[in-house]
Amino acid sequence: MATARKLLIATSNAGKRRELESAFAALGWECIGPDALGIDSPEETGATFLENALLKARHGAGRCDTWVLAEDSGLCVPALDGAPGVYSARFAGDGASDAENLTLLLQRLEGLAPSQRQAYFVCVMILLRGPRDPDPLVTRGVWRGTIAQQARGVGGFGYDPIFLPQGREGSSAAEMSLEEKLQESHRGRALRQLLAEMQLESV
């Protein structure tokens, strides 16, 4: 693994890149984004987080000569039959902003009791060591909580301002520091599993 110190983080989402880069940069990896290599974003046609994560990883790996890290994540609300799910980034339509997605979700949950506002984030993360890697590293993280009545906090991105993490019901994910969020979040949990698997491979 010592020779593979450059890593493509295959996402155009600045918030996700920031969270992932902070962890890998601390370990000495040089992280690059798809824009730096002129790599476009593939259409996310998968029905599951796993399918979309693998699609993005293969797309990136076929266009560069570095290892590739990709993930797909989203918010699932049981009261909405799991929505927004894999459509989290485009819940309010293609090109929708975070604020538009968040507002629509609050509208869909309007009037529901706290017990019906349970939700959880899912992240599936994939590491490819090359475009034809037959055995990619795959990890999964889940972060449970509830949906607030209104947005609070200015940090994070996506649905963070209305997500109240389990055990932290007094504050939203948008009120947590980056370090706190990576300790508890779905992405942080998937990332720690991935780093542990990478360390085992290097032994």
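All of the numbers you see were taken from the coordinates with simple rules; none came from a lab. Computed from a predicted structure; not experimentally measured. Heads up, the Cβs are rebuilt from the backbone with ideal geometry, glycines too, and the neighbour counts pull from every protein chain shown.
Brief remarks on what is shown
- Qualifying residue in the stretch 26-48 (condition: outside any helix (DSSP H, G or I), in contact (Cβ under 8 Å) with a residue 60 or more places away in the chain and either under 17 Å from residue 188 (Cα atoms) or in contact with a Cys (Cβ under 6 Å, 6 or more places away or on another chain) (or both)): yes
- Of residues in the stretch 163-203 being part of a helix (DSSP H, G or I) and over 16 Å from the mean Cα position of the chain (by Cα), the one farthest from residue 141 (Cα to Cα): 202
- Counting only strands (runs of 3 or more DSSP E) that sit wholly inside the stretch 57-147, those with at least 2 residues that are free of Cβ contacts under 8 Å to residues at least 40 places away in the same chain and under 19 Å from the mean Cα position of the chain (by Cα) are 137-147.
- When the stretch 81-135 is filtered for residues that are surrounded by fewer than 19 Cβ atoms within 10 Å (Cβ to Cβ) and polar (S, T, N, Q), the ones remaining, listed by number, are 97, 103, 107, 115, 116, 118.
- Cβ pairs under 7 Å, 6+ apart, first in the stretch 150-164 and free of Cβ contacts under 8 Å to residues at least 40 places away in the same chain, second of a type in the set (A, V, I, L, M) and assigned to a loop (DSSP other than H, G, I, E, B): 155/176; 164/148
- Of all residues in the stretch 141-152, those satisfying the criterion of being in contact with a helix residue (DSSP H, G or I) (Cβ under 6 Å, 6 or more places away or on another chain) and within 23 Å of residue 191 (Cβ to Cβ) are 141, 142, 143.
Table: residues versus (1) among the acidic types (Asp, Glu); (2) in contact with a helix residue (DSSP H, G or I) (Cβ under 6 Å, 6 or more places away or on another chain); (3) on the phi > 0 side of the Ramachandran plot.
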{"position": "88", "(1), (2), (3)": "no, no, no"}
{"position": "96", "(1), (2), (3)": "no, yes, no"}
{"position": "101", "(1), (2), (3)": "no, no, no"}
{"position": "133", "(1), (2), (3)": "yes, no, no"}
